[in-house]
Each structure stands twice: as C-alpha cells, then as structure tokens.
Amino acid sequence: MIPMKFRLIVILFCFLLLPLKAQTDAGYLQLARYEDQLKTMFDKLYAEEIPGTSVQLFKQIDSLFFQALSVEGSFDYSWSKLNMIGKLKSDDGMVNVFSWLYQESRDQYQYAAFVQLREKRGTTETFRLNPGDNPDIKKEKYPQKLNDWHGKIYYELITSQYKRKTLYTLLGADFNNSTSSFKTIEVLAIQRGKPEFRNNQFMNGGSVKNRIVLEYSADLSMSLRYNKELDMIVFDHLAPLHQIYEGFYQFYGPDGSYDGYRFTEGIWIYESDVDARNK
C-alpha cells in the first residue's frame, strides 16, 4: 500500500501538470483547425481549371500558413493532410522547410516558402522567403537572400556538419516556363538566429560557385537526388539534344551518364562520370 504522503505528492504533481496538458491540447486543436482550413484552400487552389483565377487564394494561403506556424507546437506538428506541398525536416531536428507553387499562366509560376527554426531555448521562429525580380536571379552567381529569393519547390534537405557549423543543403525544382525547367542545389546556414543562403559552397575544378542551377528542356525530366549509399548528390549529366543547340538549355536533357557533388571539408566538390547504376 502506498503511504499517504507519497499519494499526496503524486496527486499534487498531476494537479500541476493539468494546466500544461490543457495548454498543449488547446494548441493541438488549434493546429488541427488550421490544417483543415489550409487543406480546403489548397484543394481549391489545385482544382482550378483556368490558371490565374486564384491568385488571391494563393496569397491567403501564404498568410494563413504563416499564422499557423506561430502557434506553439507547430514545429513538431506533422501537417500530414497537406500532401501537395514540400515539407522537409532537417536530420538534427532544428529546421523545417515548407514550399508550394501556383501556376499563374502557361509560362509563369509563383512560389512560396517558409523556413522554421527551433531555437536552443525551445522557442521557434518562422521566416518567409520572398521571391525577387532581378533578371539574373536564376543564375549560379546570384547571391540569394531571404528577401531576394529564386522561387522554387524544395523536395530534399541534407544536413551536414563541418567542425562546429551545421549546413543545410536544399535540392529544389523551378518549372520556369513552357520551354525549360530548373533543378537547383543551394546551402543554408543559421547565422545569429536567422537562416542565410551561403555563397562559395560549390567547387567545380578551379571554379567556385554560390549555388548550382541546372536548366533543361521542359519536355524532359532529370534526376537530382542525394544518394546515401554513395554519400553524395547525384544528378543526370545534361547535354544538348544536338550539337547545333549548344548553349540553348531549353534543348538540353540527360545523356545517360551521371555527375555528382561530394561534401568535403565544408563545401560540395564536383565529380564527373559517377557510377550510380543500381545504387
């Protein structure tokens, strides 16, 4: 039989936990309501028959999702009903990335993305990526910023450690227009509590690049993935469909070979002719 004093301690402990549990349950219910609202809105957005008629809904989703991510518990919430958007979590459990698109016309897409950080003291903060309009923004040399971003969908997040620094490498896709598409590789780091795109993170021979941008025909597809077995990013080597199209990337596509980038001493180093068969 449990002594009376221990029974009182257990009762008191449970009583003290009640407000915390109630607060947690309330937060979960609020997130569930946000998720249902967002799902309904995304379903309506992507059921659109005529591109360009739901621009306002696209903006409303952006605003509502940002509100939802400010609710306590949102960082660990699964958002399982939002199955038509990019949802990525870093291996160290410190970064979430959400992204989605909207086809405004046959030749124009709009993108939205949030980077959510878990801070060491347990709180979270969400940062919006705002697309820029610089004509050079889709080039490898362009230095992206949170408020000057090359819009895209992120579909893979690689967490790497070098010395005391954690780097987050994002693989993305930009459907661009009716003639060409892009796949991208870029690196984020956390600086003074904020996400920041890192420059000079890729080396190809004697050339150092801010990020990797691969353009190819919109009528074709290309693979760009992190291969765990090879421990490197592997992608289709792109080549012109005919010699006369050299330099016209809307006529480029996979030639059957593979290239890659391997993380070495804090940067990604290019390797050609990677053997990725059956791996």
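The values are calculated or read from the model by the stated rules, or taken from the named source; none is laboratory data. These figures come from a predicted structure and were not determined experimentally. Virtual Cβ from ideal backbone geometry, glycine too; neighbours counted across all protein chains shown. Quick note on the areas: whole protein, heavy atoms, side chains included, nothing else; ligands and nucleic acids left out. Shrake-Rupley method; radii C 1.70, N 1.55, O 1.52, S 1.80 Å.
Leaving out ligands, DNA and RNA, what percent of the accessible area of the chain is carbon and sulfur, probe 1.4 Å?
On the way: 8450 of 15920 Å².
C and S atoms contribute 53 percent here.
Among beta bridges identified by DSSP and lying wholly in the chain, the antiparallel ones come to about 95 percent. Other residues with beta-carbon under 9 Å from the beta-carbon of P51 carry, at +1 per Lys or Arg and -1 per Asp or Glu, a net charge of -2.
Dipole magnitude for the chain: about 1440 debye, using +1 per Lys or Arg Cβ and -1 per Asp or Glu Cβ, origin at the Cα centre.
Which loop-located trypsin sites (Lys or Arg not before Pro) does segment 21-82 contain, where loop means any DSSP state but H, G, I, E or B and the Cβ has at most 11 other Cβ atoms within 10 Å? Qualifying residues, ordered by number: none.
The residues of the chain expose on average 57 square angstrom of accessible surface per residue, using a 1.4 Å probe on protein heavy atoms. The alpha carbon centroids of segment 24-102 and segment 213-230 are separated by 26 Å.
Ranking Y155, L57, L82 by Cα position along the charge dipole of the chain, where only Lys, Arg, Asp and Glu carry charges on their C-beta atoms, puts L82 farthest toward the positive end.
Taking 0.36 nm per intervening residue step and subtracting the Cα-Cα distance, what contour gain separates Y46 from L29 on full extension? Walk me through the intermediate numbers first.
Working: separation 17, 0.36 × 17 = 6.12 nm, distance 2.58 nm.
Length gained, Y46 through L29: 3.5 nm.
Placing R0 at 30 angstrom, the Cβ-Cβ distance between D107 and S160 gives a FRET efficiency of 0.25 after rounding to 0.05. The angle between the Cα long axis of helix 55-68 and the longest principal axis of the Cα atoms of the chain comes to about 40 degrees, rounded to the nearest 10. On C-alpha positions alone, give me the angle between the axis of helix 4-46 and the longest principal axis of the chain, in degrees, nearest 10. Once rounded, the angle reads 30 degrees.
Looking only at segment 146-179, which residues have a backbone nitrogen under 15 Å from a spot 7 Å from the Cα of K194 in the C-beta direction? Answer for segment 146-179: 146-149. Loop-located GluC sites (Glu not before Pro) in segment 212-279 (DSSP state not H, G, I, E or B) with no more than 13 neighbouring Cβ atoms inside 10 Å: E229, E246, E265. Between the beta carbons of Q56 and D255, assuming R0 = 41 Å, the FRET efficiency works out to 0.40 to the nearest 0.05.
Since only T166, Y226, Q144 are under comparison, the one whose Cα sits farthest along the positive direction of the charge dipole of the chain, derived from C-beta charges on Lys, Arg, Asp and Glu, is T166.
Magnitude of the charge dipole for segment 66-225, about its Cα centre and with charges confined to Cβ atoms of Lys, Arg (+1) and Asp, Glu (-1), is about 600 debye.
Counting each pair of different Cα atoms once, what's the Kirkwood radius of segment 44-150 in Å, rounded to one decimal? Let's see the in-between values first.
Working: mean 1/r = 0.0651 Å⁻¹.
With all distinct Cα pairs of segment 44-150 included, I get 15.3 Å.
The helix-based estimate of mean residue ellipticity at 222 nm for the chain, built from -39,500 (n - 2.57) per DSSP H run of four or more residues and divided by its residue count, is -7500 deg cm²/dmol to the nearest 500.
Can you work out the FRET efficiency for the pair D275 and K141, with r the C-beta to C-beta distance and R0 = 51 Å, to the nearest 0.05?
Working: r = 30 Å, r/R0 = 0.60.
About 0.95, to the nearest 0.05.
Using Cα-only point scatterers and the Debye equation, what is log10 of I(q)/I(0) for the chain at each q in 0.09, 0.10 Å⁻¹, rounded to two decimals? Ignoring solvent entirely, the Cα scatterers give -0.51, -0.61. Across segment 127-272, the fraction of Cα-Cα pairs farther apart than 24 Å, rounded to a whole number, is 31%.
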